[in-house]
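Chemist: Sharing a structure, written as structure tokens. Questions coming.
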Amino acid sequence: MAERYVIGVDGGTESLRAGVFDLRGRPRAVASSAYSTVFPQPGWAEQSPDDWWRALGLAVRQAVHDAKVRPDDVVALAVDTTCCSVVALDAAGTPLRPALLWMDVRSGDLAAEVAASGDSALEVNGAGAGPVSAEWMVPKALWLHRHERALFDRAAHVCEFQDYINFHLTGRMVASICNASVRWHYNARRGGYQPSLLRRLGLDALLEKWPRDVLPLGEVIGGLTAAAAEHLGLPKGLPVAQGGADAFIAMIGIGVVRPGRLALITGSSHLQLGVSGRPLHGKGLWGTYPDAVVPDLHIVEGGQTSTGSIVNWLKRLLPDSISYAMLNAEAKALPPGAEGLVVLDHFQGNRTPYTDANARGVISGLTLKHGPAHLYRAVIEGVSFGTALIFETMRANGFSPEEVVVCGGATRSDLWMQIHADAAGLPLVLTEVADAPALGSAILAAVGAGCYRNMTEASDAMVRVVRRVASDAMVRVVRRVEPDRARHAAYQPFYEAYKDTYPAVADIVHRQTRMGR
């Protein structure tokens, strides 16, 4: 009998990746296709949905070719995407405008209006205290309603990257419980969509534009249409399983599917996602979201809008002769604190714990001695301090994991991993397949194909731990000491300086942000 394979697709910020996996979670081939982002104004970010569809066909065809498997041996596929990347479509699924990418924060003022509505659905936003992020669905849809009303009225669907792709794959317009729960204020335990929130905002019409059906992860949406099959080079009718938001699907791809577990998803941005057996809502956190990933469990969320993207920004400013290898080697030789340099990682706003779309990056402590390696190390430390602050906020609200399972681009740098572990005072766990979103989607495809009974069983079978990174601080202290007291002493003053920076400069930065519009 021929071996069976599944395809996991990860629609990321800069490219779309498609992986062919066997049913043990081993990648046979991964291919990618890039697309561009346009930044029309400060804080705006847009992409073409047509580019997503083009990239999907190219990446899937290349992955199947490189894997040397027969298309008939593929039993299902699933797709994860960035979230919340909002699209407005006509009835045929044709985009009416470029998508508002997840990092687009043009609706910052409207997000404050959403928060001021006081609706009970806002309990997932800092226990109702807010603020609401401009990245989320409702503020973005409200921006379309206020600023492009004719287009909004003409739209048959206002949905996401995820829904756009699945519609063109299967001909069925559905939403994922993952995306809807974590970014649309959907709550399956309270009847689903929350019309009272939309009513308070004069946005009742949005309810008719959202997908009517909201599916759990791994449920089969439908089979590939003839046109989609031709585009991907796969059999017509191949089952397409429901995916979700990339970082949340990555949780499945690194085995974070049980209560008490915590995932750190790295890439252009960072997400910190924990699984809780009970609901908890607290200041400086998002969630918890019921049933968003695993049925009957809750997800607590922290996040940093700009992380790997800041490193990419810095690298673009440097001569091509300065490689990442050089930067890593020189930065490793520097002491913690990069000789007095502190970077606030709010280059595209802040998700948590401040949820401030008008926050901006800060580099403080510069002297004439500092060079590229200092800046590189300070950026990594700033990102790591932002992560540590989110973990500190989680602990303050009753979620205290003992280790962090990490995946994504930062895992390619030993320096990144060690600084993250030391700044947070927690050991890191790395799994075999660093491309966790694609593997998570493949796991959902395997569930949709009936190869496993549920995602927990599939994740157990398809995910393997390969490495642990101990915090230097954890090595040097008594095992039972509290994590927030276990940070390496050398990092502590710089972490405190990082924490002091935002409150000290927020008013100044807000004024500068307004001036730049």
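The values are calculated or read from the model by the stated rules, or taken from the named source; none is laboratory data. These figures come from a predicted structure and were not determined experimentally. Because the Cβ atoms are built from the backbone with ideal geometry, glycine has one as well, and the counts that use them run over all protein chains shown. To get the accessible areas, we keep the full protein, side chains included, count just its heavy atoms, and leave off ligands, DNA and RNA. Shrake-Rupley method; radii C 1.70, N 1.55, O 1.52, S 1.80 Å.
Chemist: Under the classification rounded if a/c is under 1.5, otherwise prolate if a/b is larger than b/c and oblate if not, where does region 241-330 fall, given a ≥ b ≥ c as square roots of the Cα gyration tensor eigenvalues?
Modeler: Details: a/c = 2.99, a/b = 2.42, b/c = 1.24.
Prolate shape, in that a/c is at least 1.5 and a/b is the bigger ratio.
Chemist: Evaluate the distance, in nm, between pseudo-label points positioned 7 Å from the Cα of residue 489 and of residue 227 along their respective Cα→Cβ axes.
Modeler: Between residue 489 and residue 227, the label points sit 6.7 nm apart.
Chemist: Residues in region 199-219 near a label at residue 109, defined as backbone nitrogen under 20 Å from the 7 Å Cα→Cβ point?
Modeler: Flagged as within label range: 201-203.
Chemist: If the cut-off is 25 Å between C-alpha atoms, which lysines fall inside it for residue 236, apart from same-chain ones fewer than 8 positions away?
Modeler: 68
Chemist: What does the charge count around residue 501 come to, taking other residues whose C-beta lies under 15 Å from its C-beta (Lys +1, Arg +1, Asp -1, Glu -1)? Write out the running numbers ahead of the final one.
Modeler: Details: positive: 360, 499; negative: 345, 356, 381, 496, 500, 507.
Its environment carries a net charge of -4.
Chemist: In addition: Ordering 377, 412 by how much accessible area each has at a 1.4 Å probe, largest first, what is the list? Mind showing how you got there, number by number?
Modeler: On the way: 377 10, 412 200 Å².
Highest to lowest solvent-accessible surface, that is 412, 377.
Chemist: First measure r as the distance between the Cβ atoms of residue 188 and residue 283, then evaluate 1/(1 + (r/R0)^6) with R0 = 30 Å and state the FRET efficiency to the nearest 0.05. Intermediate results must be reported in sequence, preceding the final value.
Modeler: Working: r = 25 Å, r/R0 = 0.82.
So, using R0 = 30 Å, E works out to roughly 0.75.
Chemist: Follow-up question, since we're still on this one. What does the extension gain come out to for residue 461 and residue 500, with contour length at 0.36 nm per residue minus their alpha carbon separation? Intermediate results must be reported in sequence, preceding the final value.
Modeler: Values: separation 39, 0.36 × 39 = 14.04 nm, distance 4.45 nm.
Here the answer is 9.6 nm.
Chemist: Using a Förster radius of 41 Å, what is the FRET efficiency between residue 313 and residue 26 based on their Cβ-Cβ separation? Nearest 0.05, please. Could the numbers behind the result be given before it?
Modeler: On the way: r = 35 Å, r/R0 = 0.85.
Taking R0 as 41 Å, the efficiency between residue 313 and residue 26 is 0.75.
Chemist: Compute the relative contact order of the chain as a whole-number percentage, counting only Cα pairs closer than 8 Å that sit 6 or more residues apart in sequence.
Modeler: Details: 1214 pairs, mean separation 83.2, N = 517.
Computed value for the chain: 16 percent relative contact order.
Chemist: Students often get this wrong, so check it: of 283/499; 209/283; 369/499; 332/369; 315/369, which have C-alpha atoms separated by over 28 Å? Mind dumping the intermediate values first?
Modeler: Working: 283/499 16 Å; 209/283 32 Å; 369/499 24 Å; 332/369 17 Å; 315/369 19 Å.
Over 28 Å apart, Cα to Cα: 209/283.
Chemist: Of all accessible surface on region 210-355 at a 1.4 Å probe, what whole percent is carbon and sulfur? Could the numbers behind the result be given before it?
Modeler: Working: 2670 of 4770 Å².
Carbon and sulfur together cover 56 percent of it.
Chemist: Also, quick follow-up: What whole number of Å gives the distance from the Cα centroid of region 160-227 to the Cα centroid of region 304-327?
Modeler: Cα centroid of region 304-327 versus Cα centroid of region 160-227: 36 Å apart.
Chemist: Something else about it: Multiplying the sequence separation of residue 430 and residue 72 by 0.36 nm and subtracting their Cα-Cα distance, what value in nm do you get?
Modeler: Values: separation 358, 0.36 × 358 = 128.88 nm, distance 3.30 nm.
Between residue 430 and residue 72, full extension yields 125.6 nm more.
Chemist: Given the whole protein assembly as supplied and a 1.4 Å probe, what does the accessible area of residue 39 come to in Å², nearest 10?
Modeler: 120 Å²
Chemist: Just for the chain, what percent of DSSP beta bridges are antiparallel, to the closest 5?
Modeler: Numbers: 51 of 72 bridges.
Taking every DSSP beta bridge with both residues in the chain, the antiparallel ones total about 70 percent.
Chemist: At a Förster radius of 22 Å, what calculated FRET efficiency corresponds to the Cβ-Cβ distance of residue 332 and residue 369, to the nearest 0.05? Before the final figure, lay out each step's value.
Modeler: On the way: r = 18 Å, r/R0 = 0.81.
With a Förster radius of 22 Å, E is 0.75.
Chemist: Could you work out how far the C-alpha centroid of region 239-263 sits from that of region 57-102, in angstrom?
Modeler: The distance from the Cα centre of region 239-263 to that of region 57-102 comes to 18 Å.
Chemist: When the helix-only estimate is applied to the chain (DSSP H runs of n ≥ 4, each -39,500 (n - 2.57), divided by the residue count), what is the mean residue ellipticity at 222 nm, nearest 500 deg cm²/dmol? Let's see the in-between values first.
Modeler: Values: 18 runs with 192 residues, N = 517.
So the calculated ellipticity at 222 nm is -11000 deg cm²/dmol.
Chemist: Can I ask one more? What trypsin sites (Lys or Arg not before Pro) does region 166-223 have in DSSP loop regions with at most 13 other beta carbons within 10 Å?
Modeler: Values: sites: 172, 183, 189, 190, 199, 200, 209, 212; in loops: 172, 212.
When the trypsin sites (Lys or Arg not before Pro) of region 166-223 are filtered for loop state and at most 13 Cβ neighbours within 10 Å, 212 remain.
Chemist: Continuing with the same structure: In nanometres, what is the gap between the two model label sites at residue 412 and residue 36, each 7 Å from Cα along Cα-to-Cβ?
Modeler: The answer from the label model is 2.2 nm.
Chemist: If I compute solvent accessible area with a 1.4 Å probe over the protein chains, what percent of it on region 57-193 is carbon and sulfur? Each step should come with its number before you reach the end.
Modeler: Details: 2110 of 4140 Å².
Answer for region 57-193: carbon and sulfur cover 51 percent of the accessible area.
Chemist: Right, another one. Give the accessible surface of the chain per residue, rounded to a whole number of Å², with probe radius 1.4 Å and ligands, DNA and RNA excluded.
Modeler: Values: 19250 Å² over 517 residues.
Per residue, the chain has 37 Å² of solvent-accessible surface.
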